[in-house]
Amino acid sequence: MLVAICLLPDHLHCVWTLPRTDSDYSTRWRLIKDRFTKSYRASMSNYPEDSVKPSTAGSIWQPRYWEHTCRDEEDLKRCVDYTHWNPVKHGLAGRVNEYPWSSFHRFVRSGEYSADWGGENPCPGWSQPD
């Protein structure tokens, strides 16, 4: 189950709950990357070749990913907060609620966050590789 997600121009953050019987994290990421890449490249075929950025000619994705197993509810909350704060961290938005490609807005609708949440870094001193 997808708990939280934020799509950024050069990377993606997800918080998942995997089924108890399936912890194959690597295969899940491989399938996401493969399916996205095929769709993306198919959509780019409508554009003249010289208008496609050079990075699309090769691999779209970085060859690695960062995996973290949440140990408790506090750790899960910190990971979700970090996911939603990421566009501000990277200068893509001044406030979390200004960034449209994030599950933050679903969390606001469900009452998990207030619409003005994230005026300050919710996870100071905590970071993960991007």
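Packing-based ranking of 84-95, 20-31 yields 84-95, 20-31, ordered from highest to lowest mean Cβ neighbour count within 10 Å. In this simple spin-label model, placing a label point 7 Å from the Cα along the Cα-to-Cβ direction at both residue 40 and residue 67 gives a separation of 2.2 nm.
Put a plus charge on the Cβ of each Lys and Arg, a minus charge on the Cβ of each Asp and Glu, and nothing anywhere else: the dipole of segment 2-109 about its Cα centre is then about 160 debye. Each peptide among 34-44, 111-121 gets the average number of other Cβ atoms lying within 10 Å of its residues, and from highest to lowest they stand as 111-121, 34-44.
Coordinate-derived values only; no laboratory data. Predicted model, so just to flag it, every value in this text is computed and none were measured. Note: ideal-geometry Cβ built from the backbone for every residue, glycine included; neighbour counts use all protein chains shown.
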